[in-house]
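Below: the structure, in structure tokens.
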Amino acid sequence: MNRAQRGFTLPRLNTNQRVVSQMEGRGSNGFTLIEIMVVVVIIGILGAMIVPQIMDRVPRTRVTAAQSDLRSIASALETYKLDNFHYPSTDQGLAALVTKPEGLPAAPNWVPGGYLKASPVDPWTKPYVYVATEDGFDLYSLGADGVEGGEGYDADLHYEPK
């Protein structure tokens with residue numbers, strides 16, 4: 001049994017005829033003003049919820065980076081002490097980790113290439129503060145405000161050995 005015998009035939013279209021789509025005639029030529037306003041309001045609400053969370057992450061990330069830097073610098077200072085039997089003086093500072101220090105105390109076993117690649121600066125582009133003490137060193141960042149003291153993100157960040 002062929003298609004014609006089963007009652008199934010394909011319509012024959014003249015080349016001058018056109019097939020009308022289902023969407024034609026509905027009048028969907030674009031978005032209405034109401035639809036656009038709803039989308040803008042939704043984007044505004046999402047922005048109001050997300051932007052404050054993202055903006056708070058930047059200062060927190062800088063604090064975390066500074067704490068990590070302090071640990072790395074302290075590790076380099078410990079290595080310097082292992083090689084030279086003392087920490088750099090306050091006058092020699094953290095530059096002694098990058099270039100061979102001048103003056104006293106001498107660094108007879110200073111490693112060519114140094115202990116750090118460059119003089120360290122904190123995430124707020126200020127140098128870390130290093131002070132040699134009788135029993136070790138004090139190492140810290142002045143925080144976001146760049147002055148001693150402060151609260152929140154402006155607070156000083158001190159290296160504390162574990």
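Derivation of every value follows stated rules applied to the coordinates shown; laboratory data play no part. From a predicted model like this one, the values you see are computed outputs, not experimental measurements. In this analysis, Cβ positions are derived from the backbone assuming ideal geometry, glycine residues included, and neighbour counts consider all displayed protein chains.
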Amide hydrogen neighbours beyond the local backbone of residue 156, cut-off 5 Å, H modeled: 149
Positive-end extreme of charge dipole, segment 62-162 - chosen from 124, 72, 109 (charges on Cβ): 109
Rounded FRET efficiency, nearest 0.05, which uses the C-beta distance separating residue 156 from residue 82 and R0 of 22 Å: 0.20
Rounded to whole Hz, the Karplus (6.51, -1.76, 1.60) HN-Hα couplings of segment 85-101, x for glycine and proline: 6, 6, 7, x, 6, 4, 5, 5, x, 6, 4, 5, 7, 10, 10, 4, x
Highest-first arrangement of 29-40, 71-82, where packing means the average Cβ count within 10 Å: 71-82, 29-40
Net charge of Cβ neighbours under 11 Å - reference residue 142; Lys, Arg +1; Asp, Glu -1: -4
Cubic angstrom per residue, convex hull over Cα atoms of segment 36-151: 130
Environment charge at residue 77 (Cβ cut-off 13 Å; Lys +1, Arg +1, Asp -1, Glu -1): -2
Estimated distance in nm for a label pair at residue 135 and residue 109, the labels positioned 7 Å out from Cα along Cα-to-Cβ: 2.4
Inter-centroid distance (Cα atoms) of segment 68-126 relative to segment 146-162, Å: 21
Separation of the residue 100 and residue 68 label points, Cα + 7 Å toward Cβ, nm: 3.3
